[in-house]
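Chemist: Questions regarding the structure given below will be posed in turn.
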Amino acid sequence: MTMRRVDLQPTEPFTADFIDRAGAFNPGALEAATAIIEEVRAKGDAALRAYTEKFDGVAIDDFRVPESAIEEALAAVDPDTIDALNQAAAQIRDFHERQRQQSWFFARQDGAIVGSKVTPLDSVGIYVPGGRALYPSTVLMNALPAQVAGVERIVCVTPPTKDGTLDATVLAACKIAGVTEIYTVGGAQAVAALAYGTETIRPVAKITGPGNAFVAAAKKLVSGDVGIDMIAGPSEVCVVADETADPSMVAIDLMAQAEHDPLAACYLVTFSDAYADAVEAAIADHMERSTRADITRASLDDHGLIVVCPTMGQALEAVNVIAPEHLEMHVANAMEHLGAIRNAGAIFLGEWTPEAVGDYVAGPNHTLPTGGTARYSSPLAVDDFVKKSSVIQYTASALRNDARAVVQIATHEGLWAHAQSVALRLQSLLSAEQASVTGGSAAAGVDAGENAGRAAGAADE
């Protein structure tokens, strides 16, 4: 196993040209997902059954998981795992409670009230992947923020195992996290069902959760008809390590990401070729005991990159160019460098903070921007499960204060009715106040509104 290596010269910038990323999906996935979505929209449950038998190799009569099966799952999962899920859930819930925003209102001196009304989404659909691994943690990280936000209907879809059932631990996580409906269906067909509904599955307002290239393509295609969280590509980690970091620890942290997927990207940013060699030697040693060696090796061989930098400044700029999903700062005094990091989904500081704690129990969400999208995107949060409505209430005094500006801008844009909607109200005020108001600001506002109306009308002719 040998990772690709780049040795930067002093002052040489790290650029995106050094990065070879796998995309979130490909044209073939988009084409296939389009056909699947149209089939589900046309045939509903019948299409779900056909695709489940075709792709998962099992026949499902009733996609809805009954409450009895969920209770049986809770009893079947070993108590230590239940305790671990409960511990994780408590810390995830606590973190996201701190993100929750309240509606707010502000009263101006002229009596106008402006504000923002925060309303939970009516429903959300969570996609939980199957396949190479099972992910109860995905349930917790998606359902708990939705529950904290106040979403009443939380739907989980996940592919069946080879015997047609769902993993008991996934079902237990659903119970712990407040999921209200669970369906045994996966792939692009599950995304279509959540977006448009079938005889069994009612549509939702938003779809969240990771998946393969076909799931990502389906989310992209239904976006706009429903909300989505993000288009998740292959997972990635960047570890910045100096001479204080144990090469064995750095190696295992890189492997922890690589074992997810052959397409996972792993970056090591360090300061000498000798240290990079030590990390690669440690990877080779760990690999002999890995239970997922083939996946790990494929990821590191095809999508691993070592960047050797003369200075910490170059290293941090390399991080910002990579914009990794996960960033480990495995260096001395890691907190001192936090301010220089602009682009990263989650930042893990110091030798005692492996990325795995963020995956499971620390509290912050593990649904993170991939593929360099940390340049402009954020982790999944409570805000993803609410919508905000602007609230505006004007008084007569407030309208008089802002009338000239409204009329001026409306006139410039040639929108006659916009200008008149203010002018007519001022006219009404003037009529009501005529006994006590003579030639003041109200009259001036009316004149301005009438002139604006004429100008806008002339512009339309």
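Chemist: With the condition kept exactly as written, say whether any residue in the stretch 374-381 is surrounded by fewer than 16 Cβ atoms within 10 Å (Cβ to Cβ), modelled with pLDDT of 95 or more and among the basic types (Lys, Arg). Working first, answer last.
Modeler: If we filter the stretch 374-381 for residues that are surrounded by fewer than 16 Cβ atoms within 10 Å (Cβ to Cβ), which is where we start, we get 375-376, 378.
Next, only the ones that are modelled with pLDDT of 95 or more stay: 375-376, 378.
Within this subset, residues satisfying the condition of being among the basic types (Lys, Arg) are 375.
The answer is yes, given that some residue of the stretch 374-381 is surrounded by fewer than 16 Cβ atoms within 10 Å (Cβ to Cβ), modelled with pLDDT of 95 or more and among the basic types (Lys, Arg).
Residues are listed down the side, and each one gets a yes or a no for (1) surrounded by 14 or more Cβ atoms within 10 Å (Cβ to Cβ); (2) assigned by TED's automatic domain parsing to the domain that holds residue 12; (3) closer than 19 Å to residue 235 by Cβ:
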position: 275; (1), (2), (3): yes, yes, no
position: 284; (1), (2), (3): no, yes, no
position: 288; (1), (2), (3): no, yes, no
position: 298; (1), (2), (3): yes, yes, yes
position: 302; (1), (2), (3): yes, yes, yes
position: 315; (1), (2), (3): yes, yes, no
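Chemist: Quick check on my filter: what residues within the stretch 200-225 are part of a strand (DSSP E or B) and in contact (Cβ under 8 Å) with a residue 60 or more places away in the chain? Show your work before the answer.
Modeler: Taking the stretch 200-225 and keeping what is part of a strand (DSSP E or B), we get 206-208, 223.
The answer is 206, 207, 208.
Chemist: Kindly provide the set of residues from the stretch 304-327 that are closer than 17 Å to residue 345 by Cβ, touching a residue at least 40 places away in the same chain (Cβ under 8 Å) and either of a type in the set (S, T, N, Q) or not in a strand (DSSP E or B) (or both), ordered by number. Break it down stepwise before answering.
Modeler: Let us first name the residues in the stretch 304-327 that are closer than 17 Å to residue 345 by Cβ, namely 316, 318-327.
Right, trim to touching a residue at least 40 places away in the same chain (Cβ under 8 Å) and you get 316, 318-319, 321-327.
Matches in the stretch 304-327: 316, 318, 319, 321, 322, 323, 324, 325.
Chemist: Cβ contacts < 8 Å: first residue without any contact (Cβ under 8 Å) to a residue 40 or more places away in the chain, restricted to the stretch 391-415; second residue in a helix (DSSP H, G or I) and among the charged types (D, E, K, R), any location; separation 6+ or different chain. Result?
Modeler: Qualifying pairs under 8 Å: 399/425.
Chemist: Among the numbered conditions (1) more than 20 Å from residue 195 (Cβ to Cβ); (2) among the small types (Gly, Ala, Ser); (3) in a helix (DSSP H, G or I), tell me where residue 32 comes up short.
Modeler: All conditions pass for residue 32, except number (1).
Chemist: What residue, among those in the stretch 19-39 that are under 17 Å from residue 263 (Cα atoms) and of a type in the set (A, V, I, L, M, F, W, C), is surrounded by the most Cβ atoms within 10 Å (Cβ to Cβ)?
Modeler: 25
Chemist: Report, by residue number, each residue of the stretch 87-117 that is out of contact with any helix residue (DSSP H, G or I) (no Cβ under 6 Å at 6 or more places or on another chain) and either assigned to a loop (DSSP other than H, G, I, E, B) or under 23 Å from residue 379 (Cβ atoms) (or both). Steps first, answer last, please.
Modeler: Residues of the stretch 87-117 that are out of contact with any helix residue (DSSP H, G or I) (no Cβ under 6 Å at 6 or more places or on another chain), as a first pass: 87, 90-91, 94-95, 98, 101-109, 113-117.
Within the stretch 87-117, 87, 90, 91, 94, 95, 98, 101, 102, 103, 108, 109, 116 meet the criteria.
Chemist: Within the group 374, 419, which residue is under 30 Å from residue 15 (Cβ atoms) and not in a loop (DSSP other than H, G, I, E, B)? Before the answer, list the steps.
Modeler: Details: 419 fails: under 30 Å from residue 15 (Cβ atoms).
374 is the lone residue from the list that is under 30 Å from residue 15 (Cβ atoms) and not in a loop (DSSP other than H, G, I, E, B).
Chemist: Now for a separate question. Which count do you get for residues in the stretch 366-393 that are out of contact with any strand residue (DSSP E or B) (no Cβ under 8 Å at 6 or more places or on another chain) and not aliphatic (A, V, I, L, M)? Let's see the steps before the verdict.
Modeler: The initial filter retains those residues of the stretch 366-393 that are out of contact with any strand residue (DSSP E or B) (no Cβ under 8 Å at 6 or more places or on another chain), namely 369, 372-378, 381-383.
Right, trim to not aliphatic (A, V, I, L, M) and you get 369, 372-373, 375-378, 383.
Count: 8.
Chemist: While we're looking at this one, here's another question. Counting only residues that are of a type in the set (S, T, N, Q) and part of a strand (DSSP E or B), how many does the stretch 226-252 have? Step through it out loud before you land on a result.
Modeler: Restricting attention to the stretch 226-252, the residues satisfying the condition of being of a type in the set (S, T, N, Q) are 235, 244, 248.
Pick out the ones that are also part of a strand (DSSP E or B) and you get none.
Adding up the residues that qualify gives 0.
The values are calculated or read from the model by the stated rules, or taken from the named source; none is laboratory data. Remember, predicted model here, so these are calculated numbers, not experimental data. Glycine also receives a Cβ, built like all others from the backbone with ideal geometry; neighbour counts cover every protein chain displayed.
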